[in-house]
């Protein structure tokens, strides 16, 4: 009993899977760099790879137009897209670990709606109504508060005695989304023409309005959210066995849950504030990664962030190409590809255990 | 030493445990028995800190309510009655969830050895979710074993709390699991198990505790607890207890159960 027998471990897939998943970090990072360079070069003004590399390294000065296109339009947009994709995907992975269900997603269970309501409130009322602030930083803060309230509320509603009811979670999410939508409708009714136009595009999800200022407001909370998410790996693994067992193996479960909710609210809030309603990244990315390398959160969370960034940059680049010279709101693209994947996950799970 | 004194648990206004005392020494297996709803699992959950209670629980003279989760995890492991797993982890990944950084030794070796101990050597790569109920229960036991792999730590004995560890197992595996608990105790650890099966409790327990309606009605050696009077009172039916002659393990058989 005390002595470990001289048992030689066979090809342990569990351990091997984690190592393979960690090697994917490097692969995704390289892909991220590659798609970033392609994205920077794509658009109405074509920029060659050499030009971009020289400009980025400061080796060669660009013409005035190219400089504005690269540094003031495409670079902030690229970084915003990467941050938003990473935030949505890692938020999805954290939510799924927290709710112990692969169907949890910031968009589906209403977290994005809550963030959206917060953002819309500030966009429409900001500066004109007492106590409602305005400005680049007010929108992400309001979106964070909305996302936090919804995530926390949903968790309280759907968890009883350590067990999370998925049906309650999804239905409560629908109710929350409907309520947020109705309240947002009130503000839209009050909005003027310019605000209406902003809101419509914002609702569809777009990176077109990216700027260094917005990135400065949304980037740090997203970075913080991803760092927090990545520390939660071992705890979310244990949580897969239920809250009681997670506590028995040594995790402060209440602290873990608070951190997870805070991370989701920060990430989703900031992402929604800067890009609007981009859906399905949070469910599709972690799900595909789990199929490829297993559910171990120690690698899944960071891989989700990297893969989410890649996916959103690709989607944004496509959105700029397919209807050129106009551009498609990116939320439409992610929904067209994401919704069928969501249905596919549902159908696969139906065979296993119902929802 | 595990000591619990005056444990009271209430769900809402209804008190379900009315002041239970319990002492268990390292090196022993303690079996908690009693009819459905007598408070067995609630008592275990008070001992593991999963339910709000009044009274005190100390493990190795340390008050469990003052210990952090990770400090408790280094002292004791808990096997729940039913464990669901929400993602397709492999068997080995599940076992290693019990192995935190604090466990001395090579974690891969401990996980493999724990699986071997429950008769699931070579199952490490399997998908946990497609195993049978009994196999899943044994994987959970392996996880618990791995967490307290060394029965004695620098802070004294380590403890296993088992909630109906044999409930979905066949006869052979029931004996295996009880043997594992007994071996753990004989190596210096302590075991407290909620049991449905009186015979297994009498065979493998050093001490038994019979609960009825939230109170202990008998405690002590299996011979002291397994009496016609105690069991008839606890289970509300007439029970006759026969000793099996010549068996060193004091194997006592209740049978001839008739309605009162």
Can you say whether residue B:201 is touching a residue at least 12 places away in the same chain (Cβ under 8 Å), crowded, with 23+ Cβ neighbours inside 10 Å and either under 24 Å from residue B:151 (Cα atoms) or touching a helix residue (DSSP H, G or I) at 6+ places or on another chain (Cβ under 7 Å) (or both), as far as the supplied structure shows? yes
Test for residue B:141: is it in contact (Cβ under 8 Å) with a residue 60 or more places away in the chain and either at the interface with chain A (Cβ under 8 Å from one of its Cβ atoms) or under 18 Å from residue B:170 (Cα atoms) (or both): yes
Take the range B:76-95 and flag every residue that is crowded, with 22+ Cβ neighbours inside 10 Å and more than 7 Å from every other protein chain (Cβ to nearest Cβ). B:76, B:79, B:91, B:94, B:95
All positions within the range B:102-112 that are surrounded by 23 or more Cβ atoms within 10 Å (Cβ to Cβ) and either touching a residue at least 24 places away in the same chain (Cβ under 8 Å) or more than 7 Å from chain A (Cβ to nearest Cβ) (or both): B:110, B:111
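Rundown of residues vs (1) more than 7 Å from chain A (Cβ to nearest Cβ); (2) buried (at least 17 other Cβ atoms within 10 Å of the Cβ), yes/no style:
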position: B:30; (1), (2): yes, yes
position: B:38; (1), (2): yes, yes
position: B:45; (1), (2): yes, yes
position: B:66; (1), (2): yes, no
position: B:74; (1), (2): yes, yes
position: B:100; (1), (2): no, yes
So residue A:332 fits all but one of (1) away from chain B (no Cβ under 14 Å); (2) surrounded by 24 or more Cβ atoms within 10 Å (Cβ to Cβ); (3) not in a loop (DSSP other than H, G, I, E, B); what number is the exception? (2)
Within the range B:130-160, count every residue that is over 28 Å from residue B:47 (Cα atoms) and surrounded by fewer than 17 Cβ atoms within 10 Å (Cβ to Cβ). 2
So for the range B:13-25 (the condition being modelled with pLDDT of 90 or more and within 11 Å of chain A (Cβ to nearest Cβ)), does at least one residue qualify? no
Is it true that some residue in the range A:88-105 is modelled with pLDDT of 90 or more, more than 14 Å from chain B (Cβ to nearest Cβ) and within 22 Å of residue A:213 (Cβ to Cβ)? yes
For a quick check of your reading: which strands (runs of 3 or more DSSP E) sit entirely within the range B:144-260 and have at least 2 residues that are within 18 Å of residue B:80 (Cα to Cα), within 14 Å of chain A (Cβ to nearest Cβ) and at pLDDT 95 or above? B:159-163, B:190-194
Can you spot a residue in the range B:100-119 that is under 25 Å from residue A:99 (Cβ atoms) and either modelled with pLDDT under 95 or in contact with a strand residue (DSSP E or B) (Cβ under 7 Å, 6 or more places away or on another chain) (or both)? yes
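The values are calculated or read from the model by the stated rules, or taken from the named source; none is laboratory data. Here the structure is a predicted model, which means the values were calculated and not measured. Cβ sites come from the backbone with ideal geometry, for glycine too, and all protein chains shown count toward neighbours.
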